[in-house]
Amino acid sequence: VQLQACGGGLVQSGGSLRLSCAASLTIFSIYNMAWYRQAPGKQRELVAAISSTGTTNYADSVKGRCIISRDNAKKTVDLQMNNLNAEDTAVYYCKAKRVGWSSDEYWGQGTLVTVSS
């Protein structure tokens, strides 16, 4: 199983980026998907999540600025990030976790987002 994240880059403060994660999961729709990030010297933290049924939740730090979405047909999960600031600088990772009792969990390789002030 592979999760391939892309869309990171260098952006000015106030700008926008759209991250995308493509999954090679056989049945994408039974996985809850999420984006995490890890800034230098900090622990990895949840940014946004979307369940297999489309329910979303966001970290307080990105509420109102980010939108997570999924396309089950394309097996992708996107994170639209707006009004970026320096605190958003981090490596962003996508994660897939199978719903129910299974412990199946997969992580992507990460994509770097750098916000210049």
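Values in this text are rule-based calculations from the coordinates and carry no lab data. From a predicted model like this one, the values you see are computed outputs, not experimental measurements. Because the Cβ atoms are built from the backbone with ideal geometry, glycine has one as well, and the counts that use them run over all protein chains shown.
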*Report relative contact order for the chain in percent, whole number only (criteria: Cα-Cα under 8 Å, sequence separation at least 6).*
36 percent
*Take the alpha carbon atoms of the chain, find their radius of gyration, then divide it by 2.2 N^0.38 Å using N residues; give the quotient.*
1.01
*Paramagnetic label zone (point 7 Å from Cα along Cα-to-C-beta, residue 44; backbone N under 19 Å) in region 70-87*: 77-79
*What cysteines in the chain have no other cysteine with a beta carbon less than 4.7 Å from their beta carbon?*
6, 66
*May I ask you to derive the FRET efficiency for residue 55 and residue 13 from their Cβ-Cβ distance with R0 = 25 Å, giving the value to the nearest 0.05?*
0.20
*Kirkwood hydrodynamic radius (Cα pairs, Å) of region 49-117?*
13.6 Å
